[in-house]
Amino acid sequence: MGDEKVNIHRGLVGIHFDRTQTTYINGKQGILEYRGYSIHDLAEKSTFEETAYLLLHGNLPNKAQLDEFDKILRSSRKIPSKVLKIIETIKSAHPMDVLRTAVSALSAFDKETDDKSYEATLRKGIRLTAQVPTIVMSHNAIRQNKKPVTPNPELSHAANFLYMLDGSIPPENTTKLMDKDFILHADHGSNASAFAARVCAGTQADLHSAITTGISVLSGPSHGGAAENVMKMVKEVRSPEKAKDYVTNLLRNKERVMGFGHRVYKAEDPRAGHLKEGVEALGKEKGDPGWYEILVAVMDAMKPYQRRGIHVNVDFFAGVIYHLLGIPTDLFVPIFAIGRIPGWTIQVLEQYEHNILLRPLLHYTGEHEKQYISIEKR
Ligand code: ACO
């Protein structure tokens, strides 16, 4: 009993559990494609709206299709006042906890919550893509005892997100950077949060449940939480000259350097370079290049670890960008979630289309045939 030979794949490392038509990742060569299009082309030439359409519909939209998709997004941004009340009630919680609770609460107000057809799930995913930034920014206002900024239908997804921070229309270059950040975060294959969303969808649970699951899983520091921790690290390092000692000390204590390493990429994360350029430019523009210099010094200190496949990941540069844009540190993970809604949605759709309950096995290594002793005799 229990002594049969079993191959254990801890962490499901290297296991393909299904096929996908959405995102291609080549971890050895550092390649990422959404629907066959290089992440580099999308980051440089596309918009978040177009990329979300691409992920959700499988092809790049023509002008009329994009306009229609964008119109739906812009008109779906508001959230019910009862959800705002829930946010008010829990306003002192971490923004990821608030986001998780608010998305879960939205299911009670969505007219199609129980409709798991392809079309209804797609519509719900588009609505959630539009609503999640409003949740994050409304909470940010409410916790400062301010009135949430009403979403502005004149603005793009990224511009409206920044607009809701303080009610001022953001400049074009910062909007473009935010837009790029959302594109880079829009999907990433079967990462922990998307896998968890698929496990949820595999039981035929609805989209709001699956996305609530995705948000829960994203919150951990090994996944989306890294950007927040990179910012904490950069503040602790304080100057480029101190980076080497700081990193050496962390590694000596067997701690992880946040923003480095990836389960799949053993070459540089192809998303990271786009944000590196962004931090450098934004730091110069804001007259605050010091953060970028610290990041570069940490990268230099980590160079010897490249041999072991430990390179920067997308979260390494993202945090400093958000900081330079005046975004509070605890909103960094929610920003990741904002970008990821189309990705979670399409993965849930793929799971529904070709569904199978995701139910692996655990190999039991405990004891057997123990004698039950009544509580009085223990
Ligand atoms: N700093 C130092 N050492 C590291 C790091 C790191 N950031 N990442 C991996 N390693 C080392 C480990 O200590 C381990 O060494 P060992 O073999 O001597 O024990 C080896 O590399 C392999 O690490 P694993 O944890 O087995 O690799 P895994 O694929 O499970 O980890 C993970 C991936 C969780 C992302 C890890 O690299 C990590 O903790 N990074 C820091 C957190 C982070 O930046 N997360 C964001 C990921 S990207 C994203 O979610 C968008």
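The values are calculated or read from the model by the stated rules, or taken from the named source; none is laboratory data. Keep in mind that this is a model prediction, so the values were computed, not measured. Positions of Cβ are backbone-derived with ideal geometry, glycine not excepted, and every protein chain shown enters the neighbour counts.
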Apart from one, (1) in a helix (DSSP H, G or I); (2) more than 10 Å from the ligand (Cβ to nearest atom); (3) over 16 Å from the mean Cα position of the chain (by Cα); (4) of a type in the set (A, V, I, L, M) all hold for residue 267; the odd one out is (1)
Residue 103: passes all of (1) under 28 Å from residue 176 (Cα atoms); (2) assigned to a loop (DSSP other than H, G, I, E, B) but (2)
Does region 97-112 include one or more residues that are buried (at least 18 other Cβ atoms within 10 Å of the Cβ) and over 17 Å from residue 207 (Cα atoms)? yes
Given the conditions (1) closer than 22 Å to residue 185 by Cα; (2) surrounded by 12 or more Cβ atoms within 10 Å (Cβ to Cβ); (3) touching a residue at least 40 places away in the same chain (Cβ under 8 Å); (4) not polar (S, T, N, Q), every one holds for residue 54 apart from (3)
Exactly one of 133, 61 is within 19 Å of the chain's Cα centre (by Cα) and of a type outside the set (A, V, I, L, M, F, W, C), and that residue is 133
- [ ] Say whether the condition of being part of a loop (DSSP other than H, G, I, E, B) and either closer than 19 Å to residue 190 by Cβ or modelled with pLDDT under 95 (or both) is met by at least one residue in region 78-88.
- [x] no
Could we say that residue 89 is among the polar types (S, T, N, Q) and buried (at least 18 other Cβ atoms within 10 Å of the Cβ) here?
-> no
- Query: Quick check: anything in region 224-238 buried (at least 21 other Cβ atoms within 10 Å of the Cβ) and outside any helix (DSSP H, G or I)?
  - Reply: yes
So the helices (runs of 4 or more DSSP H) completely within region 30-76 holding 3 or more residues that are in contact with a helix residue (DSSP H, G or I) (Cβ under 9 Å, 6 or more places away or on another chain) and either of a type outside the set (A, V, I, L, M, F, W, C) or not assigned by TED's automatic domain parsing to the domain that holds residue 155 (or both) are 48-57, 63-75
Going through (1) away from the ligand (no atom under 11 Å from the Cβ); (2) β-branched (Val, Ile, Thr); (3) more than 29 Å from residue 126 (Cα to Cα) one by one, residue 312 fails only at (1)
Answer yes or no as to whether residue 212 is surrounded by 22 or more Cβ atoms within 10 Å (Cβ to Cβ) and either part of a helix (DSSP H, G or I) or over 17 Å from the mean Cα position of the chain (by Cα) (or both).
yes
Over region 214-250, the set of residues free of Cβ contacts under 8 Å to residues at least 24 places away in the same chain and within 16 Å of the ligand (Cβ to nearest atom) is 236, 245, 249, 250
Checked region 283-310 for anything crowded, with 20+ Cβ neighbours inside 10 Å and under 22 Å from the mean Cα position of the chain (by Cα); matches are 295
Somewhere in region 143-156, is a residue out of contact with any Lys or Arg (no Cβ under 8 Å at 6 or more places or on another chain), away from the ligand (no atom under 16 Å from the Cβ) and in a helix (DSSP H, G or I)?
no
>> Among the residues of region 125-132, are any crowded, with 23+ Cβ neighbours inside 10 Å and among the β-branched types (Val, Ile, Thr)?
In response: yes
When restricted to 272, 297, 281, the only residue away from the ligand (no atom under 11 Å from the Cβ) and under 16 Å from residue 177 (Cβ atoms) is 281
